[in-house]
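Colleague: Could you have a look at this structure, given as structure tokens, before my questions?
Bear in mind that the values in this text are calculations on the coordinates, not laboratory data. Here the structure is a predicted model, which is why all the values come from computation and not from measurement. Cβ coordinates were reconstructed from backbone atoms using ideal geometry, including for glycine residues, and neighbour counts include every protein chain displayed.
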Amino acid sequence: MRNSFAKKITEMAQKDSSIILIVGDLGFGVLDDFANKLPNQYINAGVTEQSMMSMAAGLASQGFRPFVYSIANFPIFRCFEQIRNDVSYMGNPVTIVAVGAGLSYGNLGYSHHAIEDIAAIRSLTGFEIYAPCDGSEVEVSLELIIASSKPSYLRLGKGGEKEISNETLSILNIESANINNHGSILFTGSIGSRVLEAKELLVAKGVTPQVISCHSLNDTSIQKLIRAVGNFPIMVVEEHSKIGGLGSWIIESADEMDMQLKVSRIDLRNHSISKLGDQSFLLDEAGVTAENISAKFLNLVGR
Amino acid sequence: MSKKSIDIARNSRISALKMVNSAKAAHIGSSLSCIDILSVLYSGVADIRKPVESRDFVIVSKGHAAAGTYSVLATSGHMNLELLDTYGTNGSELGGHVTHSKNDLITLSTGSLGHGLPYGIGIALSKKRKSFDGRVFILMSDGECDEGTTWESALLAHQFKLDNLFVIIDRNGIQSLSSTEDTLQLEPLAEKWNAFNWEVETIDGHSHPQIENAFKSSRGPKCIIANTTKGKGVSFMEGSVLWHYRPPSDTELDAALKEVGGNQNEK
């Protein structure tokens, strides 16, 4: 996803001089091509996350489209007030790009994990959130970001994710999809590969859920999603805290829409910050496995 | 220009005192401290009404000086004077800290210290990248120099060679609970900014000619340390921590207005 981002943003910035890429002294080797081709649209702001975010807001106020790129926790939590006051409240179209969604940087320790990020950004006014599952969805997300004039948050994995979006339905065109009564599994990000493994287990048992990648998150897209799939059982799988992520969003939106959902959730509620290991190990330890997804889904649909 | 800015400053002191009395609001000392600086800027030294290609920007990063800021904006003709009467009332568009709402001339809502400088760097950098003229003026409090973003930004502004950026530090020596030096020693403040490769000029922050003169030239990002008196113009407020918070009673307002050359019945 990192490389897809780098390639696509370089192409877009070559056509659109308002795009500025601001990095927080991170991205070694990943963004070199952008920096070399577009030196006037590239800024390394050093290790100044807070000032970097306010500066990006100032640039956005003058018509630039700044993309602030850093590792998961840094461009969110280190500078949350700057995002709130200078980006969100001032309505400046800054795009925060966080690489290392969820437990991507597992071995680096919990300083570098991002498992409360969607909750934090979602609580702000006017933000659109993008959590793609692979390179193709990164490209779609970037096009949507530039077409919008709102602040946005692009949540990227680390790198090396498999292309899986061709095997999933997209939240973007869910209204026109044929929805069956077996129910749906909704997810954000690269956890989708585990969801697809779970789907195989389910298909072997004669259950064929819709698997829907929810990469474009805002109140409108969530409401459309609920209207499309909310009459059948829903399972939400996410590499995020149980608080404030996709699962919360769906339940809260359904409440606002006065709809009763049959919903089950798998997230990082059983993740222990004292455990260290790579992403795959940590997800296994937290019980976010294909087997558990499959078993819980069967339970949800009464099989 | 000075005659005009001196009139603006006098009228603004009168307005600000009336506003905090009526709203029972805090921070009059902070407003009186920087009204001269703002009056010079908004009297036309900062040209905030030109087209974007050449206009100046002013950011009041010490957002608690809201009564002073709104007063200067209104008395210098940039904002409707009648709006001042709404200060502190329900439904007002004038926040207790500088709030950007319908007035585009307020560049940034502030109130949390340490935001104005990096935001202003973004605007100054935008001007550079677009080859636009115009300057960015950022009024900061001295207590604001405690903030980490102040020094992050000091590094950034020099790195980007922003000779269109002016920081004015309202050096009244008093922060929320005590003197700046008893809280976290700032001195030698000029040397600190100098060590960050900024041009530094120290002036009397109540002398309009000195303020105006300090904006005339710069060799890079420029930090103007404006020595001021908190509560300037009202003897019993001057140099006092108490008036960081206390709104004047009606009696105190009368006494204060006499000192700044107004009376309560004067609009």
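Colleague: Could you give each residue of the stretch B:193-207 its phi-based ³J(HN,Hα) in whole Hz, using Karplus coefficients 6.51, -1.76, 1.60 with θ = phi - 60°, and x for Gly or Pro?
Modeller: 5, 4, 5, 8, 6, 8, 6, 10, 9, 9, 9, 7, x, 10, 8
Colleague: Taking the convex hull of the alpha carbon atoms in the stretch B:144-255, what volume per residue do you get, in Å³?
Modeller: Each residue corresponds to 111 Å³ of Cα convex hull volume.
Colleague: Given N residues in the stretch A:90-135, what is its alpha carbon radius of gyration divided by 2.2 N^0.38 Å?
Modeller: Here the answer is 1.29, to two decimals.
Colleague: In peptide A:42-49, how many Cβ atoms from other protein chains are near each Cβ within 10 Å, on average?
Modeller: Taking the mean over all residues of the peptide, I get 4.
Colleague: Here's something else I'd like to know. Going by alpha carbons, how many degrees (0 to 90, nearest 10) lie between the helix axis of A:2-15 and the longest principal axis of chain A?
Modeller: Approximately 50 degrees, to the nearest ten.
Colleague: Based only on the alpha carbon positions, what is the Kirkwood hydrodynamic radius of the protein assembly as shown, in angstrom?
Modeller: Result for the protein assembly as shown stands at 25.7 Å.
Colleague: According to the Cα gyration tensor, what semi-axes, each the square root of 5 times an eigenvalue, does the equivalent ellipsoid of chain A have, listed from largest to smallest in whole Å?
Modeller: Semi-axis lengths for chain A are 32, 20, 18 Å.
Colleague: Here is a further query. Tell me the relative contact order for chain A as a rounded percent, counting alpha carbon contacts under 8 Å between residues six or more apart.
Modeller: Rounded, it is 16 percent for chain A.
Colleague: Compute from the Cα atoms of the stretch A:165-300 the Rg and the Dmax, the latter being the longest Cα-Cα distance, and quote both in angstrom.
Modeller: Answer for the stretch A:165-300, Rg first and Dmax second: 14.2, 44 Å.
Colleague: For a paramagnetic label modelled at 7 Å from the Cα of A:ALA35 toward its Cβ, which residues of the stretch B:143-184 fall within the zone defined by backbone nitrogen distances under 17 Å?
Modeller: B:159-160
Colleague: Shifting gears a bit: If packing is taken as the average count of other Cβ atoms within 10 Å, what order do A:217-230, A:163-176, A:187-200 fall into, highest mean first?
Modeller: Highest mean packing first, the order is A:187-200, A:217-230, A:163-176.
Colleague: How do the peptides B:76-87, B:228-239 rank, highest first, by the average count of neighbouring beta carbon atoms within 10 Å per residue?
Modeller: Answer by packing, highest mean first, reads B:228-239, B:76-87.
Colleague: Over the stretch B:2-260, what relative contact order in percent results from Cα pairs under 8 Å that are six or more residues apart?
Modeller: 24
Colleague: Quick check: the angle from helix B:28-40's long axis to the longest principal axis of chain B, C-alpha only, nearest 10 degrees?
Modeller: The angle comes out at about 60 degrees.
Colleague: Is the stretch B:93-159 best put as rounded, prolate or oblate by its Cα gyration tensor, with a ≥ b ≥ c the root eigenvalues, rounded for a/c under 1.5, and otherwise prolate when a/b is larger than b/c, oblate when not?
Modeller: oblate
Colleague: Residues of B:150-160, mean number of Cβ from any other protein chain within 10 Å of their own Cβ, rounded to a whole number?
Modeller: 4
Colleague: Moving to a separate point now. What average number of partner chain Cβ atoms lie no more than 10 Å from the Cβ of the residues making up A:81-90?
Modeller: Mean shielding by partner chains, rounded to a whole number: 4.
Colleague: Could you order the peptides A:289-301, B:186-198 from most to least packed, using the average number of other C-beta atoms within 10 Å per residue?
Modeller: Answer by packing, highest mean first, reads A:289-301, B:186-198.
Colleague: Normalise the Debye intensity by I(0) for the stretch A:86-183, one equal point scatterer per Cα, no solvent, then take log10 at q = 0.22 Å⁻¹ and round to two decimals.
Modeller: -1.20
Colleague: Run the dipole for the stretch A:2-156 about the Cα centre, Lys and Arg Cβ at +1, Asp and Glu Cβ at -1, nothing else charged, and hand back the magnitude in debye, nearest 20.
Modeller: 140
Colleague: Sticking with this one: Would you mind getting me the FRET efficiency between B:LEU81 and B:ARG49? Use the beta-carbon distance for r and R0 = 30 Å, nearest 0.05.
Modeller: Calculated value: 0.95.
Colleague: Now a separate question. Give me the dipole magnitude in Debye, nearest 20, for chain B about the Cα centre, with unit charges on the beta carbon: positive for Lys and Arg, negative for Asp and Glu.
Modeller: In debye, rounded to 20, chain B gives about 780.
Colleague: Continuing with the same structure: Report, in cubic angstrom per residue, the convex hull volume of the C-alpha atoms of the stretch B:2-260.
Modeller: 108
Colleague: Now for a separate question. Please report, to one decimal in angstroms, the Kirkwood hydrodynamic radius of the stretch A:2-156 built from all distinct Cα-Cα pairs.
Modeller: 15.1
Colleague: Once amide H atoms are built 1.01 Å from N in the peptide plane, which residues 5 or more positions from A:ARG65, or in another chain, come under 5 Å H to H?
Modeller: Residues meeting the criterion, in which the H sits 1.01 Å from N, are A:ILE19, A:ILE20.
Colleague: Could I ask something else about it? Tell me, in nm to one decimal, what length is gained between A:LYS150 and A:LYS7 on full extension, where the rule is 0.36 nm per residue of separation less the Cα-Cα distance?
Modeller: Length difference between fully extended and current span is 49.2 nm.
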